Each structure stands twice: as C-alpha cells, then as structure tokens.
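Some notes on the structure that comes next.
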2 protein chains.
Amino acid sequence: MNVVSLIRKKRDGKALTIDEIGFLVNGYVEGKVTDYQFAAFLMAAYLRGLNKWETSALTSVMLFSGKVLDLSSIEGFKIDKHSTGGVGDKTSLILAPIAAAAGVKVPMISGRGLGHTGGTLDKLESIPGFRTDLDLDEFISVVNSCGTVLIGQTKDIAPADKLIYALRDVTATVESIPLITGSIMSKKLAAGIDGLVLDVKTGSGAFMKSLDDSIALAKSLIDTAKSFNKKVMAYITDMNQPLGNYIGNFLEVYESVKVLQGEEVEDLKSLSVTLSGAMIYLGDKAESVEEGIEISKELIKNGKAFDKFVEITKAQSGDVKYLHNPESYPKSKHHETIYAEKDGYLKSVDTYEIGMAALELGAGRQTLHDKIDFKAGLIFYPKIGDKINMGDKLVELFTDKEDKIESAKQMITGVLEFTDKKVENPALIKKVLD
Amino acid sequence: MNVVSLIRKKRDGKALTIDEIGFLVNGYVEGKVTDYQFAAFLMAAYLRGLNKWETSALTSVMLFSGKVLDLSSIEGFKIDKHSTGGVGDKTSLILAPIAAAAGVKVPMISGRGLGHTGGTLDKLESIPGFRTDLDLDEFISVVNSCGTVLIGQTKDIAPADKLIYALRDVTATVESIPLITGSIMSKKLAAGIDGLVLDVKTGSGAFMKSLDDSIALAKSLIDTAKSFNKKVMAYITDMNQPLGNYIGNFLEVYESVKVLQGEEVEDLKSLSVTLSGAMIYLGDKAESVEEGIEISKELIKNGKAFDKFVEITKAQSGDVKYLHNPESYPKSKHHETIYAEKDGYLKSVDTYEIGMAALELGAGRQTLHDKIDFKAGLIFYPKIGDKINMGDKLVELFTDKEDKIESAKQMITGVLEFTDKKVENPALIKKVLD
C-alpha cells in the first residue's frame, strides 16, 4: 500500500477498505505517515465523506490503537452516556447515580471542558479531593462497589484519537460527522461498555447548530455503535439556551445536588431522568424508557439517587461536606447581577456566547493548559418564552477577575433577544433515534 | 488573519482574497504556516477549486516569492513557449532558433525530465559542454547577441513553486488545474517575458489525458497570462503517440538537427513551425500565424534556423561538432530492433509506456537524483493509421543496460494495438485558443 495512492483514492471519492484505513491511521500513530499526508487525507475525508463502513473501520482502528478495558469481571449490563457538549449540561452528575441506584453498571469516561462547553471531569474535580485519575483496578473496584465510577480518559485509551484530534483542530477538519463519530466512539467503546445512550445537542450552544446535522451525527453514531454490537439510543436535545440555570463548575455540582435532592429544575431534571430512563431500559431494568423514567423519579424522591452520589464521591476521595452543605463552598470575590431593563418575552439566546462569558469569568479554558476557577460562573435565570418584567433578575455573575465583569456582562446582554409577542419555549427533546 | 480560518474558508468553497492567498503562501515559504496546514489547504483547493482571480493571485504570490528577471535591457518583444510535457517533444530545440532567426527575442527557461517525459535541459546537456546554468548577466548577453538563450530554472526563480510542488507530490494534490497554472505561470512570468505560446498536450502520453481537461488547463493558463498583461496563445496538441520518432536526449537533438536541416519529419516539423509561427506573430514580426509559419519554413530552407542553433550552442559553450556531424556521437553498447510480427494498421499506442520504456533504457529519471544516459533511448517508427507489413521495423532500442532490453521490449510491444481496418491518424492540432 502507498500513502499517496490512498489519499488520491479518498480525494476521488472512492471508499477505502478497513485495511487501507488501518494503514493510514496506524501509520500516522507510528510516525510512518507524515502529518502533512494525514492532513491531506483528513481534508479529503472531510470533503468527500466516509461511508458507514469506513466510519466503523476508522472507529475500530482508533479503538485498537490503544487499550480496550476488560470489564468482564464487572457483573451486569455496562452502559455509558455521551453528550456532544453544551452549556450548563450537567446531566452526567445526575443520571450516573440514578442509573447505578437502579442496578445498571455505569463505568463513565468523561472529558474536560474546552471553549464554550464545560466538562464533567472539571465539574467533579471542583469537589475538593475528588479523584478522576483512578487506575484500572481502582476503576473496576469502584464500579463493583458503587455501580458507577466517573473517570477521565487515560492516555492508553484510543491514543490515535488524541493525535488525530490535535491535527484536525489546526487543519479545519473538526466539523466532519464521520471524523467526529470515530473520535467519540473509539473512546466510548474502549471503556468496554455493552450499551450507550447518546445526547446529541442541537442549537446555538451546540457544536452542531442545525437539526439536520445533529440527526446525521446521531445516525452515524448509532450505525457505528451497532456495527460493534452495542445497544444504543440517541436523543436530539435542544441547546438553544443553557440547560438548567447554573453554569460553572461547582455551580453545576450545586444545581445537580439540588435536582438529586428533589428540587424541580424543569429542563435539567426532565432531560436527566429521560437519559437515565433510557439507560435503565437498555440495561434491562425496565420494560420501557417510560418505566425507566418513573424509576428514576422515584430514586430521586426516595433519596437513593442523592445517597448514591455521596457514595461515589466518597469512593473517589471527594469531600462530601460540600454535597451536604454546598453553601459552605468558597465564594467568588465579586458578585454582580444583571437586571431586565424593560418588559418583554425572551425570544432567543446565543448560547455559545453565554458559555464564552462563563469562560471569561474563569469557569472555562481556551487552551488545555489554562487553569479553571471552580467557583466562577453564572446563574442564568430566564428561559425562552418567559415573560420578563423590568427589574427582574436575569443573570448573576461570580468571578475573582474584577476586570472581566464588564466584558462578560456585555457579552451576555448582547446576545439576549426580547420581543413584545409571546413566544414558545422550544421543545427540549427534538427527536429520539434507535 | 488566521491560518485555520483561511483553510476553513476554502474548505467551505469560498473565494480567498489575494491578501489571504499571500498570507498562506508566503507564510508557508517563511515556515510560519506548517506543512500540514498547507497540505490541508492544498487538498481543499484541489477539491473546491480556485477561481480565475484566485489563480492569478496564487501565481502572483508565487512569482514574487523570488526574483523576477529584469530584461528591460533586452530590446524587442520577448517570448517563450511552454509545453505541458510529452514523449519525443523536442520542439523547443527547433522553434527557439527559428523564432530568434525571425527577430523575436526568446529567453527560454526550461525544465528537466522526470518520469515518462523528457526535459529540454537534459536534451541540451547531451551536447558536450552545453551550459544551461548561466547567470543573469550571461543570460542577457546571450539573448542580446543570439536572440535566444536556453537555461534552467535557478533557485531564485519562484522558490515557492519548488516547495509547494514537493508537498503536492506527496499529498495527491498534483492534478489540479489552478495549482498547475500557478506553478507553470509563476516560473514563466519570472523570466520577464512579454508573451507566451502554450502547447498543452492531450492524450495517452500527456499529463492531461482528456481533451476537456486540456482545454480547461489552457483556458486557465490564458486567463492568468492575460491578468498579467501578456500576449498569449495556446495550442491543444495530440500526445496519443510520440512526437517525431526519436526519444532520448541526444537522439532528440539529432532529430531536431535533421528538421532544422530541412528533413521532413511530418508531425514534429509541422508542430514546431506552427508554434514558432505563433511566436513570430505575437512578436509582431508577421501579420498572422500563417505568415509566421511561412517565415519559419523559409528560415529552415535557407539554413538560417540551423545556423542559429549552431550559434546558440557555441554561445552556451556546447561542442558544435555533434551538430554538424551527429553520427560521430558516442553509441550505446546495445542496439536492438523490434519488427512487426504480422500485417495490420497501428490503432493506438499507450504513449506513457513508451516514455517509461525509454526511461528504462537509461534516457530518463525516476527521481531528480537519477543520472541520465544521454545516448540511450529509442526510435519509434510507426504512426497511428500507418499500414504495417510483417517484418517492418517498428522500434529501435539503444542502451548500455543489457538487462533492461527485454523488459523495455515487452513494455513497448504490450502497448501497441493493431487492427485489420484502416484507421485515421489523429489530428496533431486539436484546438487553438487565445
């Protein structure tokens, strides 16, 4: 096989075989295929596409570029959830304890936040002491004892993805459905799961802005999961406004604790129990997703879900006092509030900018080396369609960076659109695919 | 400006400005744009195309990446010819002396052979002592005294092209009309010419196999030349069989000398005087191309064209005894002949393979570092449509490499197709564009 002829084949719109994809991807990981040749291949793949067999082959090659966890010593159905990322999306913190409390095994491998989206790992690490860097033995032992564990991707898992992603990032080849699919699925499958629930976000705060693209991505992820014989469901969910109200790392832990303790944060609770319901159903602990949702709600009501969250936190060395008493968490130096300047209905929000405002306040990172301020962030109160009266509290900002307050306020107020006419709040769940 | 956003812009099919192309190309030459980013850009440009303004901008940026010769001290209209390369194409050796003898100035910058095509520089250097590495002062002095000069590309000329070509070669982005246009025109324009005659080959021995692609390339070259205010004409000419009969470096000098001395080598002479006729016309030394052709034929008949070739060879330090007496040139150790095994008409030739057979015998190079045997090559007698009788001499082979004779013979006989029915010899000139 010859690298140039394989690039040419994809450039001309022909499908590559699994052997040919293996030759390119493994060659790149081993340094035999140069970065400029792989970049040309990525652009050809971006523009010509990969069919579902090629995507599955890409996933497989990336998956086996590293370690595939052997979770055979964990009894029961092992399921994870993956979200394509959004603003205020803290459902993992809520659904993992629920699903585990329902008896399915949830070995969850999460990522860090970058740009406008937060990451589950950073949120968990805002709980002092919480360790996300468990080794395989600890990982298995926590799943066996608690039913769930929340860790980060180790460098043994799908190393090809890390290398390829870094190259895609600097060659304008990120937003490709087959390449995104390979990246997501190689990491998820490496965790040795039996099933997967997907939350594909759509809208102004999502990577996929259009519903069509989100559906195409969901289908590609489902096809690939099925080609590996996994049980899978996908929800296309709204990201035209933040999920819940709290944005920022410990702020999101705080809101998750409130939901686990029974507080009605409508959209966040609704999505969390839907996704956990699907996990419980795929894990054969319910006859239907609806029954899974009922079970989830009951596990919140009877306190078992919150207890499970406390149990996991303890097992992963986190300080549980901040779960029992979140108010005792350190506070930001500055606290500012944005009030409505006139009456109206909230019509739209550029959610990407809201995420970027939280980042500006210290809650996120621009590059992987930036340090996060766990206390920082904002509380975003209004939902699209809400009637707002002049003087209503719209957003609260928390930061140690006094010099960023003004720019963050402007970013937020600049992307809120109001109208005199009543508007509908967009449906949270746009579509379910399986 | 940001590299990734420019790659993305081209990826999404949008046109780049001249500033943006300059930022990318100059950035690449200066090492500020990485090779993997430039490779991604090249593939995006390959698949999305560049419009004529972008192509002109690319040419301009590549042109000004190096030295642009100042030929203002040379009086008269300065014109060059460019061929896209073929097998047996030695028209430069014939038309440069003709056009110079007619009074136009021909500062010709030529290339070396690679793969199945020969290069004018190698052919000239097969004349012992012939120097193609003149410096600018010598270059100008030879044009002033002889009316023409034949040199190689110096490293000062369009250095961006050399770098970019090397990257295209390993990233499957060679066969792109706008990228080919930028490469050709940046080098040609750097020679400070006023006009250009283009010979765009089409057929089995050409880089562009289809007539449509050849026409598209010719149009792109013409548009670009005109955007630089140059006089230009393009001929689309047949390369479905070798041009003339001799293939190999000194063998081609030998055939050129024969044509300059009045021998009727039909296709070769016809194309050479057509192209020189166009050069004479564009250089205002004739009222029409037809008159230019008549002038060319007359300059052959009265011996002035051959005398000019002798004069140039002397001026560039070549040993003219081999022009006056080509038979005295050293001979290859081995001489083999292929005879027709039955009667029939020659229907087709895979000319690429004929070029590769000559290379096999020592006449060409696979990589730029290979050494050429100037004596080696072949004489290819039949033309498509010729009536062949069993026992007719088809091809003579000349080589020092005894072990390559058999494979070269097989390469040749394997690509000659005969038929019982009469077939037409393809038209030599397919189309003229200006």
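The values are calculated or read from the model by the stated rules, or taken from the named source; none is laboratory data. Please read these numbers as outputs of a predicted model, since none were measured by experiment. Glycine also receives a Cβ, built like all others from the backbone with ideal geometry; neighbour counts cover every protein chain displayed. Note: areas computed on protein heavy atoms with side chains; ligands, DNA, RNA excluded. Shrake-Rupley method; radii C 1.70, N 1.55, O 1.52, S 1.80 Å.
Summing Lys, Arg as +1 and Asp, Glu as -1, what charge do residues with Cβ under 11 Å from the Cβ of B:ILE338 carry, B:ILE338 excluded? Walk me through the numbers before you get to the answer.
Working: positive: B:LYS393, B:LYS409; negative: B:GLU336, B:GLU341, B:ASP392, B:GLU396.
Summing Lys and Arg as +1 and Asp and Glu as -1 gives -2.
Which links in B:LYS162/B:LYS301; A:LYS308/A:LYS401; A:LYS10/A:LYS90; A:LYS347/A:LYS404; B:LYS187/B:LYS304 stretch past 32 Å when you go from one Cα to the other? Walk me through the intermediate numbers first.
On the way: B:LYS162/B:LYS301 41 Å; A:LYS308/A:LYS401 35 Å; A:LYS10/A:LYS90 39 Å; A:LYS347/A:LYS404 26 Å; B:LYS187/B:LYS304 30 Å.
Where the Cα-Cα span goes over 32 Å, the pairs concerned are B:LYS162/B:LYS301; A:LYS308/A:LYS401; A:LYS10/A:LYS90.
So, counting K/R as plus one and D/E as minus one, what does the shell of residues with Cβ under 11 Å around A:ILE109 add up to?
Spelling it out: positives minus negatives among the neighbours equals +2.
So the label point sits 7 Å from Cα along the Cα-to-Cβ vector; using that for B:LYS431, what distances do you get to the other copies, in nanometres, sorted shortest first?
4.4
For a quick check: with amide H placed at 1.01 Å from N, whose amide H comes under 5 Å from A:LYS430's, ignoring anything fewer than 5 positions away on the same chain?
A:ILE236, A:THR237, A:ASP238
For the range B:239-244, just list the computed ³J(HN,Hα) in residue order, Karplus coefficients 6.51, -1.76 and 1.60, θ = phi - 60°, integers in Hz, with x standing in for Gly and Pro.
10, 8, 7, x, 8, x
So how much slack lies between B:ASP403 and B:HIS324, counting 0.36 nm per residue of separation and subtracting their Cα-Cα distance, in nm?
So the extension gain works out to 25.1 nm.
Give the Kirkwood hydrodynamic radius (Å, one decimal) of the range A:79-324, defined as one over the mean of 1/r across all pairs of different Cα atoms.
Values: mean 1/r = 0.0560 Å⁻¹.
Radius from the Kirkwood sum: 17.9 Å.
Rolling a 1.4 Å sphere over the protein heavy atoms, what is the accessible area per residue of the range B:3-49, to the nearest Å²? Kindly include the intermediate steps, with their values, before the conclusion.
Working: 1820 Å² over 47 residues.
Counting only protein heavy atoms, the per-residue value for the range B:3-49 is 39 Å².
Taking the Cα centre of the protein assembly as shown as origin, sum charge times position over the Cβ atoms of Lys and Arg (+1) and Asp and Glu (-1), and report the length of that vector in debye to the nearest 20.
On the way: 106 positive and 122 negative charges, 40 e Å.
Result for the protein assembly as shown is approximately 200 debye, rounded to the nearest 20.
Want the number for B:ASN2 to B:PHE418: 0.36 nm per residue separation, take away the alpha-carbon distance, what's left?
Values: separation 416, 0.36 × 416 = 149.76 nm, distance 5.81 nm.
Additional length available on full extension: 144.0 nm.
Please list log₁₀ I(q)/I(0) at q = 0.18, 0.19 Å⁻¹ for the range A:1-129, using the Debye equation with identical point scatterers on the alpha-carbon positions.
Debye intensities relative to I(0), on a log10 scale: -1.02, -1.05.
Can you give me the long-range amide H partners of B:SER83? Hydrogens built in the peptide plane at 1.01 Å from N, cutoff under 5 Å, separation of 5 or more residues or another chain.
Amide H neighbours of B:SER83, under 5 Å, 5+ apart: B:ASP199.
Identify, among A:GLN316, A:SER186, A:PHE398, the residue whose Cα sits farthest towards the positive end of the charge dipole of chain A, taking +1 on the Cβ of Lys and Arg and -1 on the Cβ of Asp and Glu, with the dipole about the Cα centre.
With unit charges placed on the Cβ atoms, the residue in question is A:SER186.
Give me the one-decimal Kirkwood hydrodynamic radius in Å for chain B, with the sum taken over alpha-carbon pairs. Before the final figure, lay out the partial values.
On the way: mean 1/r = 0.0449 Å⁻¹.
Mean inverse Cα-Cα distance, inverted, gives 22.3 Å.
To the nearest 10 degrees, how steeply does helix A:35-48 sit against the main Cα axis of chain A, on a 0 to 90 scale?
Computed tilt is about 70 degrees.
List, by residue number, every residue in the range B:1-17 with a reduction of 20 Å² or greater in accessible area between the chain on its own and the complete protein assembly, 1.4 Å probe.
B:VAL4, B:ILE7, B:ARG8, B:ARG11
To the nearest 20 Debye, how big is the dipole of the range B:27-90 about its Cα centre, given +1 on the beta carbon of each Lys and Arg and -1 on that of each Asp and Glu? Intermediate results must be reported in sequence, preceding the final value.
Numbers: 7 positive and 7 negative charges, 30 e Å.
The dipole of the range B:27-90 has a size of about 140 debye.
Specify the angular offset, from 0 to 90 degrees and rounded to the nearest 10, of the alpha carbon long axis of helix A:52-63 from the longest principal axis of the alpha carbons in chain A.
80 degrees
Return the FRET efficiency for the residue pair A:LEU211, B:SER210: r is the Cβ-Cβ distance, R0 is 35 Å, and the value is rounded to the nearest 0.05. Show your work: numbers first, answer last.
Numbers: r = 42 Å, r/R0 = 1.19.
Once the sixth-power term is evaluated, E becomes 0.25.
Using only the alpha carbons of the protein assembly as shown, determine the length spanned along each of the three principal axes and report them from longest to shortest in whole angstroms.
That gives 109, 59, 43 Å along the principal axes, largest extent first.
Among A:ASN51, A:HIS82, A:THR17, which residue has its Cα positioned farthest towards the positive end of the charge dipole of the range A:1-108, with +1 placed on the Cβ of Lys and Arg, -1 on the Cβ of Asp and Glu, and the dipole taken about the Cα centre?
A:ASN51
R0 = 35 Å: FRET efficiency of B:ARG131 with B:ASP169, Cβ-based, nearest 0.05? Spell out each step's value before the answer.
Numbers: r = 28 Å, r/R0 = 0.81.
After rounding, the FRET efficiency stands at 0.80.
Ballpark to the nearest 100 Å², how much total accessible area do B and A bury together, probe 1.4 Å? Walk me through the numbers before you get to the answer.
On the way: alone 18070 and 18080 Å², together 34350 Å².
Buried surface at the B/A interface: approximately 1800 Å².
Accessible area of the protein assembly as shown with a 1.4 Å probe: how many percent of it is carbon plus sulfur?
Values: 16730 of 34350 Å².
Carbon plus sulfur share of accessible area: 49 percent.
How far, in degrees from 0 to 90, does helix A:136-146 lean away from the longest principal axis of the Cα atoms of chain A, to the nearest 10?
50 degrees
Find every distance from the label point of A:ASP137 to the corresponding label point in the other copies (7 Å from Cα along Cα→Cβ) and write them in nm, one decimal, shortest first.
From this label point to the equivalent ones elsewhere in the assembly: 8.0 nm.
Considering amide H positions built from the backbone, and no H for Pro or chain starts, which residues 5 or more places from A:VAL232, or on another chain, come under 5 Å of its amide H?
A:LEU196
Given the protein chains as shown and a 1.4 Å probe, how many square angstrom of A:SER210 are accessible, to the nearest 10?
Here the residue's solvent-accessible area equals roughly 40 Å².
Just counting partner chain Cβ atoms within 10 Å, what average do the residues of peptide B:47-54 show around their Cβ? It would help to have the intermediate numbers written out before the result.
Values: counts 8, 2, 0, 0, 0, 0, 0, 0.
Going residue by residue through B:47-54 and averaging, the value is 1.
From the label point of A:LYS387, set 7 Å from Cα along Cα→Cβ, how far away are the matching label points in the other copies, in nm, ordered shortest to longest?
Nearest first, the other copies' label points are 10.2 nm away.
Based on the mean of other Cβ atoms within 10 Å per residue, sort peptides B:117-128, B:409-420, B:24-35 so the most packed one is first. The partial results should precede the final answer.
Numbers: B:117-128: 23.8, B:409-420: 15.7, B:24-35: 17.8.
Ranking the peptides B:117-128, B:409-420, B:24-35 by packing returns B:117-128, B:24-35, B:409-420.
Looking only at other chains, what is the average number of their beta-carbon atoms within 10 angstrom of each beta-carbon in A:165-173? Write out the running numbers ahead of the final one.
Numbers: counts 0, 0, 3, 1, 1, 7, 14, 14, 7.
So the per-residue partner count for this stretch is 5.
Report the relative contact order of chain A, percent, no decimals, based on alpha-carbon pairs under 8 angstrom and at least 6 residues apart.
On the way: 924 pairs, mean separation 84.2, N = 434.
After rounding, I find 19 percent.
If each residue of separation counts as 0.36 nm, what is the full-extension length gain between B:HIS369 and B:THR337 once their alpha-carbon separation is subtracted?
Details: separation 32, 0.36 × 32 = 11.52 nm, distance 2.98 nm.
Computed gain between B:HIS369 and B:THR337 is 8.5 nm.
Let me spell out the model: positive unit charges on the Cβ of Lys and Arg, negative unit charges on the Cβ of Asp and Glu, origin at the Cα centre of the range B:331-419. What dipole size does that give, in debye rounded to 20? Mind showing how you got there, number by number?
Values: 13 positive and 16 negative charges, 53 e Å.
For this selection, approximately 260 debye.
For the range A:3-49, what is the Kirkwood estimate of the hydrodynamic radius, computed as the reciprocal of the mean inverse distance between distinct Cα atoms, to one decimal in Å?
One decimal place: 10.3 Å for the Kirkwood radius.
Counting only other chains, what is the mean number of Cβ atoms within 10 angstrom of the Cβ of each residue in peptide B:380-392?
On the way: counts 0, 0, 0, 0, 0, 0, 0, 0, 0, 0, 0, 0, 0.
That average works out to 0.
Can you work out the PRE-style zone for A:LYS383? Point 7 Å along Cα to Cβ, and I want the residues of the range A:81-112 with backbone N under 17 Å.
A:87-91
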